[in-house]
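Working notes, structure below.
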Amino acid sequence: MTELPADFRAFHELFRGVYIHWSELYLANLADAEEAVDEAFEQLYLSWSDVLEQENPNAYAWVVVKHRTIDLARARGRRPTVVDQAAFETAALRDAVDPIGELSESMHIYTAIQALPERQHDVIVLQYCLGYSTQETADILGVTPAGVRSTTRYARHRLQRALGLDKEER
């Protein structure tokens, strides 16, 4: 049996849990998430030397994981949408005083998040739905913390406009 390269083992150890966390939110099933992420890591391993030659291996790996997750969702006959609406609504309603009002609001927020450009969507999901810090999000996506903060700012402005919460100019 071939020993895995130390840098691959370290990368796997560092990011497998994060990727499964994200993929499970997308697929709403832990076993499917593990399968998608393991397939992504197999793909990464088979081309590990090429991955390391990428300008940003973390960003490259993130794309591989996302594509494997989307592919598995489609293979299972599921509509490929990150942040399953039912999971989003369940989280939003957990401690709601007004469940009906909260449900309506969460559906609007969900729709607005789905409409964000891909990078903004990823940042919002990782930070606000999954609870990762700015630094963790930057590491996962292979961008700088300043890039995450900037993307978050633009995404929040876009969400405010979409939800009719933008401040009137005075």
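Just so it is clear, none of the values below were taken in a lab; they were calculated from the coordinates. This one's a predicted model, so the numbers in the text were calculated from it and none came from an experiment. Note: ideal-geometry Cβ built from the backbone for every residue, glycine included; neighbour counts use all protein chains shown.
Phi-derived couplings, Karplus 6.51 cos²θ - 1.76 cosθ + 1.60 at θ = phi - 60°, listed residue by residue for the range 66-73: 4, 5, 5, 5, 4, 4, 5, 4 Hz, with x used for Gly and Pro.
Legend: ranking of residues Trp22, Trp62 from fewest to most surrounding C-beta atoms inside 10 Å; resulting order Trp62, Trp22. On the basis of the beta-carbon distance and an R0 of 25 Å, Ala31 and Glu3 show a calculated FRET efficiency of 0.35.
Of Glu118, Glu39, the sequence from fewest to most neighbouring Cβ atoms within 10 angstrom is Glu118, Glu39. Of Val65, Val18, the sequence from fewest to most neighbouring Cβ atoms within 10 angstrom is Val18, Val65.
In the range 1-65, the inverse of the mean reciprocal separation of distinct Cα atoms equals 12.1 Å; this is its Kirkwood hydrodynamic radius.
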